[in-house]
Amino acid sequence: MHQPNLSCAVTRPFSRSVFITGLLLSLLSGFLTVRATEIHVGTSTADISPKLPVALMGQFDLRIAKSAETPLYAGIIAIESKEGNRSLDTAVFVSCDLILISASLQEEVRAEVLRLIPGFNVNKIILSATHTHTAPVLDDDPDKAFVYPIPKEGVVKVKDYRDLFSQRVAAAIEKAWKSRAKGSVTWGLNRAAVGYNRRAVYKDGTTVMYGKTDKSDFQNLEGYEDHDVNSLFFWDAKAKLIAMSIDVACPAQEFEHREFVNADYWHPVRQALNKRFGADVSILGWIGAAGDQSPHSMYRKAGEARMQKLSSKTRMDDIVARITRAAEETYEIVKDDKHSDVAFSHKTEKLKLPQRIITAAEYLESKKVEEDCAAQIALDPKKAGALYAKMTWFGDVLRRFKAQQGVKNPVYETEIHVLRIGDAAICTNQFELFTDYGIRMQARSKAVQTFVIQLAGPGTYLPSAKAVSGGGYSAICQSNVVGAEGGQVLVDRTVEMINSLWP
């Protein structure tokens, strides 16, 4: 590669001045893209509880909830950076007590917001889910995976719930946006062990989600557990706390098998924090990279059960106490480090990731299972509740295999967001992203603190290479449209976008 002759530049004053001026302008240009600006913040909360009875999403069996143990909410924070009266950039975070954010749901919310706020850049709206398994079904497209045989009568229709959700969330976004005013923000982190790696590895190299750990051939849990709890705090111009977001690398699945509507651990966390900081403070729950995590203990179960009995506290009580304590301790440490003029930038991109290739053997295996489920349902229609979702799950593999034939390097397009708020970075992805990827993003980020938000989209697991090697639910082809190769592409591009905001 040809190198410039810098010695010539030194002997020619004009060339040297041009060189230095160009260098300074280049550096200044990079700085100006994320220069400190006034931050304006608006908040709101939407009740997204469904009418009843309603079909629940998250297990293979059809579950119809006839009652609700808790309400479901969406917390909203609208942010605008301004220089004088000039708007520079925006972001709207919407944290939802749902299992995921289907593509159709996101489109409908954005369309409704555009109707309410003409000209608004709806691509800067980020909807994410807490991954509770006790919230409504969001998609009934027969050509998709994980479709349930929902009765046509006596149960809320999927479209009706989507309409309710879209209208209420869009109205809350409008309220947050119109209420925005000059405010301040800060960030902090703490430690709270909530999630457990849920994939057990055995001597023969196989891996099983929730596999037994008391077997003689059990070797180890497959991956790392991220116990950092990242928090953002927002105040209004009078230094009144108006919102906080809490990022926990563990899905909201303590109550995942229940047949009731339930927001899982985020509801009691909100209750505890609202009691401490005020009922009008918006609490946003974010889930970090946690595709291989859950709140369920994989070993030491007898010891934990004894402690729960002696303390008269449930596992849910313990989870809520840990998260609440982490948020409160973080608040006490950072509350006097408010920033009203911060570097703020929001980038979004449609990223093309390599698809996971379905092999002929995987196609044949899936075809056999799909046909077996269909045959059982044909013989006994009552089995549809237990087998229909499984049938469509394997059936989706057949469609993907056929679509990949004759296509060189098929790709999967996904939306990602990267933001800088002061010294903190926020990055999103649509997946149940295995924790190793989140660690890579945080470790390579130039930000002082990096928030990773998963399930800002339609889900599907994204396993690590070692998980794919071990197999098991969440790492097999039926569980994911993107494999480990795509996971690394996601990490690399996300880190590149983050670090571009720290020139």
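Since every read-out is calculated from the coordinates, none of them should be taken as a lab result. The shown structure was predicted, so the numbers you read here are calculated from the model rather than taken from an experiment. Virtual Cβ from ideal backbone geometry, glycine too; neighbours counted across all protein chains shown.
Annotations
- When Rg and the Kirkwood radius Rh are both evaluated on Cα atoms of segment 358-404, their ratio Rg/Rh stands at 1.04.
- Placing pseudo-labels 7 Å out from each Cα toward the beta carbon at K383 and V448 gives an inter-label distance of 6.0 nm.
- Under a model in which nothing but the beta-carbon of Lys, Arg (+1) and Asp, Glu (-1) is charged, segment 144-208 shows a dipole of about 220 debye around its Cα centre.
- Compared with the dominant principal axis of the Cα atoms in the chain, helix 484-500 is inclined by about 30°.
- Coordinate range along principal axes, alpha carbons of segment 33-139, Å, largest first: 54, 23, 23
- Each residue, D160 and A181, gets one label point 7 Å from its Cα in the Cβ direction; the gap between the two is 4.0 nm.
- Sorted by Cβ density within 10 Å, fewest first, the residues M497, M307: M307, M497
- Taking the DSSP bridge list for segment 208-327 and keeping only pairs wholly inside it, about 50 percent are antiparallel.
- Evaluated at q = 0.14, 0.20, 0.21, 0.27 Å⁻¹, a Debye calculation over the C-alpha positions of segment 280-365 (equal weights, vacuum) places log10 I(q)/I(0) at -0.91, -1.16, -1.21, -1.37.
- Surface/4 estimate of mean projected area, convex hull on alpha-carbon atoms of segment 428-503, nm²: 4.8 nm²
- For segment 358-404, the relative contact order comes to 53 percent (Cα pairs under 8 Å, sequence separation of at least 6).
- Legend: ranking of residues Y299, Y461, Y196 from fewest to most surrounding C-beta atoms inside 10 Å; resulting order Y299, Y196, Y461.
- Shape call, segment 417-465: gyration tensor on alpha carbons, a/c limit 1.5: oblate
- With the alpha-carbon atoms of segment 57-207 aligned to their principal axes, the span from lowest to highest coordinate is 61, 46, 31 Å, starting with the largest.
- Taking T359, T324, T130 and counting other C-beta atoms within 10 Å, the order from fewest to most: T359, T324, T130
- Per-residue [θ]222 nm for the chain (sum of -39500 (n - 2.57) over DSSP H runs n ≥ 4, rounded to 500): -11500 deg cm²/dmol
- Each label point was placed 7 Å from the Cα along the Cα-to-Cβ direction; for V334 and Q308 their separation is 3.1 nm.
- Measure of compaction for the chain (Cα Rg per 2.2 N^0.38 Å): 1.04
- Looking at the chain, the DSSP beta bridges with both ends there are about 80 percent antiparallel.
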